[in-house]
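> The structure under discussion is supplied below as structure tokens; questions concerning it will follow.
No lab work stands behind these numbers, since they all come straight from the coordinates. No experiment lies behind these values; they were computed from the predicted model shown. No Cβ is skipped: glycine too gets one built from the backbone with ideal geometry, and neighbour counts run over all protein chains shown.
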Amino acid sequence: MIALNAAQIRTSGQRIPKFLAKGILPALGLSLFLLMWHALAGSITTSLGQFPGPAQVWEQSQSLYVEHGEQRAKAARFYERQDKRNAKKLEKNPDAVIKQRAYTGTPTFLDQIVTSLYTVLFGFALASIIAIPLGIACGLSNRFYEAINPIIQILKPVSPLAWLPLVTMVVSAVYVTDNPMFEKSFITSAVTVALCCIWPTVINTTVGVGGIDRDLVDVGRVIKLPALTNVTRIVLPSSIPMIFTGLRLSLATGWMVLIAAEMLAQNPGLGKFIWDEFQNGSSNSLSRIMVAVITIGLIGFLLDRLMLSLQRRVSWDKQAVLR
């Protein structure tokens, strides 16, 4: 046998707790949660029947996936029949005008997930384009910050439920075109998300820029860097950790806001799916709603991990911990 030295023993002792923290302990916590959920679900009876436990939710998640496959098969058959009809028309008359109609079947659960993700990312990008430059301007100029801060503080706590009717009416009045690039429902949801998730990025960017080391600022002034060069070479690299903190908070806020907006406005997405199942009132509705709730939580978690991973790639702060 090869004797282990003291350093090897210490290293081995450090690996076991780390493995416990990252593997066994989370699995134990999840198992306890599932056991509590199963025990409590059996004691709750609602107007739609027994509250679903983990087994019922898993069963409905599989059912939703099967329904998605069936709907895709129907769509494939629809386009196949359409192609055959168009081919026959062209055989009879090569100059015939061919119409391609889109399949209008009911969106599946997976379709609603894609719709919600697309909407929230569009709204988040729109908010970020506005928020980051605004936060930089506030951090660089005290006078500008004093002028804009009252507006930020007034609009920041406004609920998405208050914005949604106003946004709906404005979009209906302004977004008028015979050949729209986006659906009005999509624009309404995306703008509502942008209005609510802009503020965490503005505030954190302002704090990050305002906290830049004064020596760096003085160096920029001494060598007389142009304003744009100063922002790209000094301001942005120094404030990236705080900017990404704001972006993570904004994305989480936008994801929560979107679900509420979709439920209230009946716009396509996970929020509408939940509301439709609630109104449906079938014996499987509660299980399907729980599938949607868990999916919303998992997607929110993955979006946050994605933003934090992106921060680790572009930031000088390589010690950022995935928490």
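> Roughly what would the spin-label model give for Trp37 and Lys99, points 7 Å off Cα along C-beta, in nm?
The two pseudo-label positions are separated by 4.7 nm.
> Here's another thing I want to ask about it. Mind checking which helices in the chain clear 30 Å along their axis (Cα) and have mean Kyte-Doolittle hydropathy of 1.0 or more, DSSP H runs only? Spell out each step's value before the answer.
On the way: long enough: 54-92 (58 Å, -1.59); 109-140 (46 Å, 1.80); 184-210 (39 Å, 1.26); 236-265 (41 Å, 1.32); 285-314 (44 Å, 1.22).
What comes out of the filter, once short or polar helices are dropped, is 109-140, 184-210, 236-265, 285-314.
> Right, another one. Explain nothing, just the number: relative contact order of the chain, from Cα pairs under 8 Å at least 6 residues apart, as a whole percent.
Details: 302 pairs, mean separation 67.8, N = 323.
Across the chain, relative contact order equals 21 percent.
> Also, quick follow-up: Which one, (i) 289; (ii) 120; (iii) 158, gives volume of the Cα convex hull per residue in Å³ as derived from the coordinates shown?
(i)
> Relative to the present Cα-Cα distance, how much length would full extension add between Leu90 and Ile44 at 0.36 nm per residue of separation? Can you show the working numbers first?
Details: separation 46, 0.36 × 46 = 16.56 nm, distance 6.18 nm.
Gain in length upon complete extension: 10.4 nm.
> Check the straight Cα-Cα distances from Lys92 and name the aspartates and glutamates below 16 Å, setting aside those fewer than 8 residues away within the same chain.
Asp83
> Which lysines have a Cα lying under 22 Å from the Cα of Lys74, excluding residues fewer than 8 positions away in the same chain?
Here the lysines satisfying the reach criterion relative to Lys74 are Lys84, Lys88, Lys99.
> For Lys272, which aspartates and glutamates qualify as cross-link partners when the Cα separation must be under 17 Å and same-chain residues fewer than eight apart are set aside?
Asp111, Glu183, Glu262
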